[in-house]
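Participant: There's a structure below that I have some questions on.
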Amino acid sequence: MIKINNVYLIISILISSLLLSSCKESEQGRILNYKKGVYLGKKDNTLTKDQVYNLKMHTSRQRSY
């Protein structure tokens, strides 16, 4: 016969291991090993010619004379 204290101990260990082993979905699949000077993230989308032109026009208006 198992004592009630042992049952509570086993249940608490199982619940604790479940809680400690899970993590947020946003944290899954993230980079854990980094290389100095190397970007390991996803590649950026390339800008269209229209977007590049609009950025050039926007920055040209911000120049100080």
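The values are calculated or read from the model by the stated rules, or taken from the named source; none is laboratory data. Note that the coordinates shown come from a computational prediction; the quantities given were computed from them, not determined experimentally. So basically every Cβ, Gly included, is an ideal-geometry build from the backbone, and we count neighbours across all protein chains shown.
Participant: Taking the range 40-65, which residues are surrounded by 10 or more Cβ atoms within 10 Å (Cβ to Cβ), hydroxyl-bearing (Ser, Thr, Tyr) and assigned to a loop (DSSP other than H, G, I, E, B)?
Facilitator: Across the range 40-65, there are no qualifying residues.
Participant: Output the number of residues of the range 1-25 satisfying the condition of being of a type in the set (Gly, Ala, Ser) and modelled with pLDDT of 90 or more.
Facilitator: Matching residues across the range 1-25 total 1.
Participant: Please go through the range 1-27 and pick out each residue that is part of a loop (DSSP other than H, G, I, E, B) and of a type in the set (A, V, I, L, M, F, W, C).
Facilitator: 1, 2, 23
Participant: So residue 30 ticks every box in (1) modelled with pLDDT of 85 or more; (2) exposed (fewer than 10 other Cβ atoms within 10 Å of the Cβ); (3) part of a loop (DSSP other than H, G, I, E, B) but one. Which box is left unticked?
Facilitator: Looking at each condition in turn, residue 30 falls short on (1).
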